[in-house]
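The values are calculated or read from the model by the stated rules, or taken from the named source; none is laboratory data. What you see is a predicted model; the values in this text were computed from it and never measured. So basically every Cβ, Gly included, is an ideal-geometry build from the backbone, and we count neighbours across all protein chains shown. We work out accessible area using only protein heavy atoms, side chains counted, and drop any ligands, DNA or RNA first. Shrake-Rupley method; radii C 1.70, N 1.55, O 1.52, S 1.80 Å.
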Amino acid sequence: MDSVEKGAATSVSNPRGRPSRGRPPKLQRNSRGGQGRGVEKPPHLAALILARGGSKGIPLKNIKHLAGVPLIGWVLRAALDSGAFQSVWVSTDHDEIENVAKQFGAQVHRRSSEVSKDSSTSLDAIIEFLNYHNEVDIVGNIQATSPCLHPTDLQKVAEMIREEGYDSVFSVVRRHQFRWSEIQKGVREVTEPLNLNPAKRPRRQDWDGELYENGSFYFAKRLLIEMGYLQGGKMAYYEMRAEHSVDIDVDIDWPIAEQRVSRYGYFGKEKLKEIKLLVCNIDGCLTNGHIYVSGDQKEIISYDVKDAIGISLLKKSGIEVRLISERACSKQTLSSLKLDCKMEVSVSDKLAVVDEWRKEMGLCWKEVAYLGNEVSDEECLKRVGLSGAPADACSTAQKAVGYICKCNGGRGAIREFAEHICLLMEKVNNSCQK
C-alpha cells in the first residue's frame, strides 16, 4: 500500500532545493485556489508536463520509446486516467513533442524561447504557463522522466491539496542508505558518518530509512508559484512506493528502465488479462515485406531466426501463435519455414478472421494479442488486449498500438514483442498470486 505522510512546513525550499533564509511565506487565504469562504466552484487543478526539445543527453528524449511507448506517454496516461485534473498540459517548444502530446489527449502550451534554454528553470516555464492561463489555480508539475507513476498517486495528492488545505505537496521515496561526509583535500583527511553510528549499524528491517525527493511531481498553488516557490506554505510530502520511483534522468539506464516499466508501470484503466493467442501479420512483421522470385517463377521469402525463436518462446508459455495475410501467399512456401503455425492468406477482412479464431478458442478480446504493420491491421490492433507494431510500420498502425518495437518487420520484431508479452504475463501472474 502507498503510505502518505503529511505535516505543516517549518521551512521552505526554493525550486532548486536550497533552503530559503528567514520565515516561509505566509499565503493569504482568499477565494483563489479554494481557500476562502463562499467558493462557488472547485479550484482548477492543471497537470503540467514540461518537455522541451533540447536535451544534453538523449536527443528528443521525452518522446523516445520506452517499453514501446513514448517516454512522455507514460505520465500522460497516468494523469489523464487519474481524473484528478480539470486539464492536462504539455509545455514544449518542439513540433514532434506537440504531436505526441496531442495523440495521447493532452493540450499543448507552446513555450517561448526565453524559457526553453539550457539555463531555464522549471519555475520559469511554470510561471510562463500561468501567465497564459488565468483559469488555473493549482499546478501539478509532473516530471516526464518518471514512467512508473500511477493514477492513484495523483488522485491522493489532489485530495491533499483540495480537501486538506495543503499549499504544496511533493513526492518522496524512502531509502535505506548510509551517508558519509565528503573528504576534501587540504581541509579534511578522514570521513565521518552522517546518519549512523558505525559501532551500532542497524539492520535494514530495524531502520526506517530516510526520505528523499524523487522528482516525480510537485503540486503547488498559484500564489505560492507566483512568489517564486514550488514548495512552501502549508507543505507536505507524499511517499511513493520504491518500485514506482523510477527517474531515468538520474539513476537508471534506459534498458533497466524498460524492464522496470514492464513490471511496475501503469498500462491503462483495464486490468491486463493473460494472453492466450498472438496473431501476426505475415508481410512486414514475420517478413520484411520483400518478395523474391526465382527463375522458375517461384516465390521466395526470408525471415529472421530470432523471430522463429520468439514464436517458439510463446508456444512454450502456452500461447497459440497464428499468421495472417491479405496477400495470396503460397502456403507451401510458408509451411517450409517450419513454424508450425495455423495461417490464413488472401484475407480481405482480418478482423472477421481473428474474431472467428477468438470464438473458436473461447477467448475474450483481452486475451488476444496482435502484431500488425498496415492500415488493414488497424481494426484488429484497436480491438485486442495487447497490440504491437514493428518500428517501420505505417503511421496508422503505430497510432493504433500500445507497443512500438525497436526492431523492424522481419528483423526481430516478433521476438521483441514476444519478450514484451512474456514480461507482462509475468506481471499478471504475480498480481494473481497476491
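The table that follows gives values for the structure above.
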quantity	calculated
In segment 106-122, the residues that are under 19 Å from L45 (Cα atoms) and at pLDDT 95 or above	A106, Q107, V108, H109
Test: A144 is hydrophobic (A, V, I, L, M, F, W, C) and either assigned to a loop (DSSP other than H, G, I, E, B) or in contact with a Cys (Cβ under 7 Å, 6 or more places away or on another chain) (or both)	yes
Some residue of segment 169-180 being of a type in the set (V, I, T) and either over 30 Å from I63 (Cα atoms) or open to solvent by 80 Å² or more (accessible area, probe 1.4 Å) (or both)	no
Qualifying residue in segment 297-313 (condition: in contact with a strand residue (DSSP E or B) (Cβ under 6 Å, 6 or more places away or on another chain), at pLDDT below 95 and surrounded by 17 or more Cβ atoms within 10 Å (Cβ to Cβ))	yes
Residue list for segment 379-412, filter: polar (S, T, N, Q) and in contact with a Pro (Cβ under 8 Å, 6 or more places away or on another chain)	N408
Flag for D153 being open to solvent by 20 Å² or more (accessible area, probe 1.4 Å), acidic (D, E) and farther than 14 Å from L45 by Cα	no
Qualifying position, being open to solvent by 30 Å² or more (accessible area, probe 1.4 Å) and in a loop (DSSP other than H, G, I, E, B), among D118, D81	D118
Any hit, segment 264-274, residues being in contact (Cβ under 8 Å) with a residue 40 or more places away in the chain, buried (at least 18 other Cβ atoms within 10 Å of the Cβ) and over 30 Å from K350 (Cβ atoms)	no
Test: residue in segment 234-254 that is among the hydroxyl-bearing types (S, T, Y), open to solvent by less than 50 Å² (accessible area, probe 1.4 Å), at pLDDT 95 or above and farther than 28 Å from K427 by Cβ	no
Segment 338-364 residues that are under 13 Å from I282 (Cβ atoms), paired with ones that are in a strand (DSSP E or B) and of a type in the set (D, E, K, R) (beta carbon under 7 Å, 6 or more apart)	C341/R322; K342/R322; M343/R322; V353/E344
Selection count, segment 101-115, where residues are in a helix (DSSP H, G or I) and within 21 Å of E128 (Cβ to Cβ)	5
Selected residue (criterion: least open to solvent (accessible area, probe 1.4 Å)) from residues of segment 335-387 that are among the aromatic types (F, W, Y) and under 23 Å from S262 (Cα atoms)	Y370
Any strands (runs of 3 or more DSSP E) falling wholly within segment 198-284 and containing at least 2 residues that are hydroxyl-bearing (S, T, Y)	210-221, 235-239
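This table checks each residue for (1) over 25 Å from the mean Cα position of the chain (by Cα); (2) open to solvent by less than 60 Å² (accessible area, probe 1.4 Å); (3) assigned by the TED database to the domain that holds G232.
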| site | (1), (2), (3) |
| --- | --- |
| E114 | yes, no, yes |
| F129 | no, yes, yes |
| H133 | yes, yes, yes |
| G140 | no, yes, yes |
| E182 | yes, no, yes |
| A199 | yes, no, yes |
